[in-house]
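Any read-out appearing in this document is the output of simple, stated calculations on the displayed coordinates, not a laboratory observation. Predicted model, so just to flag it, every value in this text is computed and none were measured. FYI the Cβ positions are ideal-geometry reconstructions off the backbone, even for glycines, and counts take in every protein chain you see.
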Amino acid sequence: MAESAVHVGSGKVRELYELGPERLLLVASDRISVFDVVLPTEIPDKGRVLTGLSAFWFARTRSLVPNHLLDVREDGRSLECRRLEMLPLELVVRGYLSGSGWRDYQSTGTVCGHALPSGLRESERLPEPIVTPATKAVSGHDENIAEAVAAELVGSERYEAARDVALELYRFGARRAEEADLILADTKFELGVDAEGRLVLADEALTPDSSRIWPADAYAPGGPQPSFDKQYARDWCEATGWDLTPPGPDLPEEVVEGTHARYVEAFERLTGIAFTRYLADPRVVLT
Ligand code: PZK
């Protein structure tokens, strides 16, 4: 790193550094988590794919909402960002019924207070995308909350603005995904507030790690859908008989290679940019 970067936080697969009082450096590693466990094997370029995608979306959604991105570094895996006051919640937008949304729907017929038609199947497209806020629980597992609770946490005016922005961003990403024969089933946004009190998109945006992305050609509601990016790794891990507690299994070369290829393919289909061009000049995603 060219300037002094002090490590201030770790996510499962990313590291956060501060660059002086006003800027942060978000560094995406090549680590992969499967069933919420980080595996001992890395996927080459995964951090670059996620960083490039995030930067691509930040550049293309600036007119919808300002974001924290300042620059992409030459290494292709690091984003220089503006430091913000983060809202203490995540905004999950769901266009399809999956994961905790499907579980909540099965037990209550609702998802985070959204009444939904009866008889929906797992992975079915919702009549309209919904926002299901969640708190960043210390346990690492996020907890879904009702929109009324989210409004109490940050104020109803702020919550409503954040919700509207999240919906717009989801619609933007889902449209582009559809053009790439991908389904953006759901995605998570994190927002902050800048020194002028403006709402700003932060963290990563519309990446495979913050979204469920499904291949449209295999879409078949009525059960879980294969993940576009992680399915090889998940299937291989499951077939080993692993009990899903750490440590996870090492991935064999063919699974690493297959997973790498899927990440690169997601990047190229969503951005329309050759990944080799990104590696040669990461700033290409900003133009
Ligand atoms: C911020 N995280 C999550 C934790 C990571 C990421 N622009 C910002 N301003 C202030 N704080 C944050 C951000 C952003 N983005 C993000 N925690 C704080 C996080 C650990 C590793 F890569």
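Using every pair of alpha-carbon atoms in segment 22-158, split the distances into 5 Å bins beginning at 0 and state the percent of pairs per bin, rounded to integers.
Final binned percentages: 2, 8, 13, 14, 17, 19, 15, 8, 3, 0, 0.
Using amide H atoms built in the peptide plane, which far-off residues or other-chain residues are under 5 Å from residue 228 H to H?
213, 214
Using r as the Cβ-Cβ distance of residue 71 and residue 125, and R0 as 41 Å, what FRET efficiency do you calculate, to the nearest 0.05?
0.65
Go through segment 222-287 and name the GluC sites (Glu not before Pro) that are in a DSSP coil and have 16 or fewer other Cβ atoms within 10 Å of their Cβ.
Numbers: sites: 238, 253, 254, 257, 265, 268; in loops: none.
Of the GluC sites (Glu not before Pro), not one in the loops of segment 222-287 has a Cβ with at most 16 other Cβ atoms within 10 Å.
Pop out the ³J(HN,Hα) list for segment 192-201 in order, Karplus 6.51 cos²θ - 1.76 cosθ + 1.60 with θ = phi - 60°, rounded to Hz; leave Gly and Pro as x.
Residue by residue, segment 192-201 yields x, 10, 8, 4, 8, x, 8, 6, 9, 6 Hz.
What's the magnitude of the charge dipole for the chain around its Cα centre, counting Lys and Arg as +1 and Asp and Glu as -1 at the beta-carbon? Answer in Debye, nearest 20.
Charge dipole, the chain, about its Cα centre: 460 debye, nearest 20.
Where in segment 8-33 does the label zone of residue 283 land, with the point 7 angstrom along Cα→C-beta and an amide N cut-off under 19 Å?
24-26
Given just the C-alpha atoms of the chain, how large is their convex hull per residue in cubic angstrom? Please report the intermediate quantities before stating the final value.
Working: hull volume 39.8 nm³, N = 287.
Residue-normalised Cα hull volume stands at 139 Å³.
Mind grabbing the base-10 log of I(q)/I(0) for segment 148-205 at q = 0.24 Å⁻¹? Debye formula, identical points on the C-alpha positions, no solvent, two decimal places.
Calculated log10 I(q)/I(0) at the listed q: -0.99.
Expressed in nm to one decimal, what extension gain is obtained for the pair residue 115 and residue 10 from 0.36 nm per residue of sequence separation less their Cα-Cα distance? It would help to have the intermediate numbers written out before the result.
Values: separation 105, 0.36 × 105 = 37.80 nm, distance 3.64 nm.
Full extension of this stretch gives 34.2 nm more.
Treating each Cα of segment 229-287 as an identical point scatterer and ignoring solvent, apply the Debye formula and state log10 I(q)/I(0) at q = 0.20, 0.27, 0.30 Å⁻¹.
-0.76, -1.04, -1.18
Between the DSSP loop rule and a limit of at most 13 other Cβ atoms within 10 Å, which GluC sites (Glu not before Pro) in segment 9-81 are left? Please list the in-between numbers first.
On the way: sites: 15, 18, 22, 42, 74, 80; in loops: 22, 42, 74.
Answer by residue number: 22, 74.
Quote to one decimal, in nm, the extra length available between residue 148 and residue 220 on full extension: 0.36 nm per residue of separation minus the C-alpha distance between them. List each step's numbers first, then the result.
On the way: separation 72, 0.36 × 72 = 25.92 nm, distance 3.34 nm.
22.6 nm is the gain from fully extending residue 148 to residue 220.
Work out how much length residue 168 to residue 38 would gain on full extension: take 0.36 nm times their residue separation and subtract the Cα-Cα distance, in nm to one decimal.
Values: separation 130, 0.36 × 130 = 46.80 nm, distance 3.15 nm.
In short, 43.6 nm is gained.
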